[in-house]
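Novice: Got a structure for you, written out below as structure tokens; questions coming shortly.
The values are calculated or read from the model by the stated rules, or taken from the named source; none is laboratory data. Being a predicted model, the structure only gives us computed values, none of them experimental. Backbone-built Cβ (ideal geometry, glycine too); neighbour counts: all protein chains shown.
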Amino acid sequence: MKSLEDLKRLQQQVKAKTSLRHAAGTQVIVGMGTCGIAAGAREVMSAILNEIAKRNLEDVTVRQTGCIGMCEKEVLVDVVRVGQPRITYGRVTAENVPTIVAEHVVNGRIVEELVVAKIEE
Amino acid sequence: MEHIRAHVLICAGTGCISSGSKRVQAALEKQLAELGLDKEVKVVETGCHGFCEMGPLVIIYPEGVFYVRVQEEDVKDIVEQHLYKGRVVERLLYKEPMSMERIPKYSDIDFYKKQMRLVLANCGHIDPEILEEYIAVGGYQALGKALTDMTPETVIAEMKTSGLRGRGGGGFPSGMKWEFTAKAKGDKKYVVCNADEGDPGAFMDRSVLEGDPHRVIEGMAICGYAIGADEGYVYVRAEYPLAIKRLRIAIKQAEEMGLLGDGILGSSFNFHIKIKEGAGAFVCGEETALLASIEGRRGMPRPRPPFPAISGLWGKPTNINNVETFANVPQIISQGGEWYASIGTERSKGTKVFALTGRINHTGLAEVPMGITMREIIFDIGGGIQNGKKFKAVQIGGPSGGCLPEELLDLSVDYDSLIQAGAMMGSGGLVVMDETTCMVDVAKFFLTFTTSESCGKCTPCREGTKRMLEILERITKGEGRIDDIALLEEMAKNIKASSLCGLGQTAPNPVLSTLKYFRHEYEAHIHDKRCPAGACADLASYQVTEACKGCGLCKKACPVDAISGELKGLHVIDQDVCIRCGACLAKCPFKAIIKG
Ligand SMILES: Cc1cc2nc3c(=O)[nH]c(=O)nc-3n(C[C@H](O)[C@H](O)[C@H](O)COP(=O)(O)O)c2cc1C
Ligand code: SF4
Ligand code: SF4
Ligand code: SF4
Ligand code: FES
Ligand code: FES
């Protein structure tokens, strides 16, 4: 490295390596209860991870949660953007994932036809 | 392309490795691969979190869930339940000793709540063997800032504004020391990092070197720039192999990245760091002895002045600081001296790392702001005294420190209050003692240490500490004489006044402070031939109390037939026959036998 500028640039590049440990950003939460997994939550989760990787989104964390009592609507995926209500999508399939990520995660536009709940936090 | 959704941090500090963290890590990596989760979950080896007693520690992000005492067989649940299904494995969570509540989040645990982790900010959170992890959290920015935007004078001014005082024991203002060395005449100057850490029970320097070695390197390089040195030495004791290994890796990586070596970050500043392994004699931590040892001579102190700042390594001006002192430097430079000075007390700024040991619930490393009370450290962070026993004393400052009683628990922890109370900050060892500890015995323990570590160069230290130790031994055996206390006090005064180095000058402190606050215990030993804590084996006596039901079990257990009594009648111990083995006390089902 030849200057402080180089160092700062490198920091920006590698920041994501530890950012998970400092949280913030948008959260995508996949329901991984027993019937969630049976309904294909694992495939949906993989699709989400792929989509995020493809778009190189840095400030997004993907988490799982257990049964929240809407088992018949599985697979359930929640998206929480900082300062906005928590949106729960239901009957999500791997095919829906690119839409949810592109519209909601990236652009902040809720995909109304898949929404099953809105929770103000 | 992959997206990592979870980080699993496994502590790879000395404490956790010895409780099995490497095996846990291997099992974890294997199971992640089997479930195909290895592409989305990253395993990170970290340095010590300070909670070693609860190790091996595993922390999972983004949730920040904290698992303690994790063994190989627990890995299956962590992977299948937590990492696959997102369910916290309750039984592995930490249990608060007072409320018995299970606490999932790292940041909610009492042990961490009252701490202020600045020096230890990265310890346990980054992989110390990967430079990029340090850079990601802002590493080497302070060095870059110093080299690009600051002159050596402004760096020193910032250090002076910060009010940082040396963390190696004496508490000398670091900015002033840097300034002396900067102003000293010399074509060649050195920076030396003291990582000898000789105090029994202390391990804060080791943890910083193991958990965040780049921070120390960065601090040393900034110092080199400020004082005009192009070479630095880290003097580490050879008993710290992991610290040495990580330091080596870190130096190499920094050199490869152009953060150490010639023309750092495109400037004209050159700085090289070498490691010198010490044999681990306590006196080698004394600065002049340490310098002699680096030069390849026997590690013995020499009179000062001249101070190392004027004539140090090979006669050249040398700035020597402790590991923790250097570790404070990067954040002072990046956040400013004013910011640093806003933490702590009027005359003791910033934070201090303490190694908590002894009879408390949470032994470990704790970093606290200066000015916190001893009570907060011991009861809030340390979780109180083990087994519900009563607090008796806290020994602070290592072998040169002192013991403080219950009445002083609300004392502010800073350099000056501690000295005033007859103890000292020292390097930050904190040993908590309960009611079963005998204070004469404690003084004896520390004096035994200093006596055997005395280098022997000057008579008061070499002979005097031995004589004092003999007196203490006599007292604990019940052979103390009426004038022993006066004799101890007089010798202590003379040794302090006439010893050449800090070892002899402070060796009598544990005796003086126990005499100051626990004189009655000395008197009980000398006059009544009694050890109030029941700790001195030669003075203990066993008595049967009214609670005796006459079961006769003790009589059977006694190897010398010292106990007599009828079945169902009160038993008695013949003190002249009793050899004080304690067998009867252990046997009595009704707790009718007491030791006193
Ligand atoms: C007997 C003796 C042992 C010492 N051991 C250490 C030690 O292990 N580590 C340390 O940093 N300083 C130790 N010191 C203090 C050093 O001599 C020196 O004051 C210190 O390293 C300076 O660094 P600081 O200004 O950053 O505190 C010891 C002093 C004496 C008298
Ligand atoms: S005071 Fe003790 S350790 Fe120090 S030089 Fe004298 S004999 Fe050696
Ligand atoms: S302490 Fe030992 S020797 Fe003394 S009475 Fe008890 S069992 Fe016997
Ligand atoms: S064992 Fe205890 S209760 Fe039984 S005789 Fe001895 S002192 Fe009494
Ligand atoms: S298992 Fe998914 S909501 Fe119940
Ligand atoms: S070594 Fe793991 S917490 Fe200290």
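Novice: Being among the charged types (D, E, K, R), away from chain A (no Cβ under 14 Å) and without any contact (Cβ under 8 Å) to a residue 40 or more places away in the chain is the filter here, so list the residues in region B:1-35 that pass it.
Specialist: The answer is B:22, B:29, B:30, B:34.
Novice: So residue B:138 fits all but one of (1) at positive phi; (2) crowded, with 22+ Cβ neighbours inside 10 Å; what number is the exception?
Specialist: (2)
Novice: Moving to a separate point now. Is it the case that some residue within region A:69-90 is within 11 Å of another protein chain (Cβ to nearest Cβ) and in contact with a His (Cβ under 7 Å, 6 or more places away or on another chain)?
Specialist: no
Novice: Taking the options B:307, B:271, name whichever one is at pLDDT 95 or above and within 23 Å of residue B:147 (Cα to Cα).
Specialist: Being at pLDDT 95 or above and within 23 Å of residue B:147 (Cα to Cα) holds for just one of B:307, B:271, which is B:271.
Table: residues versus (1) under 34 Å from the mean Cα position of the chain (by Cα); (2) buried (at least 17 other Cβ atoms within 10 Å of the Cβ); (3) under 18 Å from residue A:30 (Cα atoms).
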| residue | (1), (2), (3) |
| --- | --- |
| B:33 | no, no, no |
| B:39 | no, no, yes |
| B:45 | yes, yes, no |
| B:56 | yes, yes, no |
| B:60 | yes, yes, yes |
| B:67 | yes, yes, no |
| B:76 | no, no, no |
| B:84 | no, yes, yes |
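Novice: Here is a follow-up. Collect the residues in region B:137-162 that are touching a residue at least 24 places away in the same chain (Cβ under 8 Å) and outside any helix (DSSP H, G or I), keeping them in residue-number order.
Specialist: If the condition is that a residue be touching a residue at least 24 places away in the same chain (Cβ under 8 Å) and outside any helix (DSSP H, G or I), then B:138, B:139, B:140, B:150 are the ones that fit.
Novice: For region A:14-26, state whether one or more residues are more than 8 Å from chain B (Cβ to nearest Cβ) and under 16 Å from residue A:97 (Cα atoms).
Specialist: Checked region A:14-26: at least one residue is more than 8 Å from chain B (Cβ to nearest Cβ) and under 16 Å from residue A:97 (Cα atoms).
Novice: A further question follows. Filter region A:46-62 down to the residues that are within 7 Å of chain B (Cβ to nearest Cβ) and in a strand (DSSP E or B) and list them by number.
Specialist: A:61, A:62
Novice: Would you point out which residue out of B:476, B:448, B:465, B:459 is in contact (Cβ under 8 Å) with a residue 60 or more places away in the chain and either of a type in the set (S, T, N, Q) or surrounded by 15 or more Cβ atoms within 10 Å (Cβ to Cβ) (or both)?
Specialist: Answer to the check: B:476.
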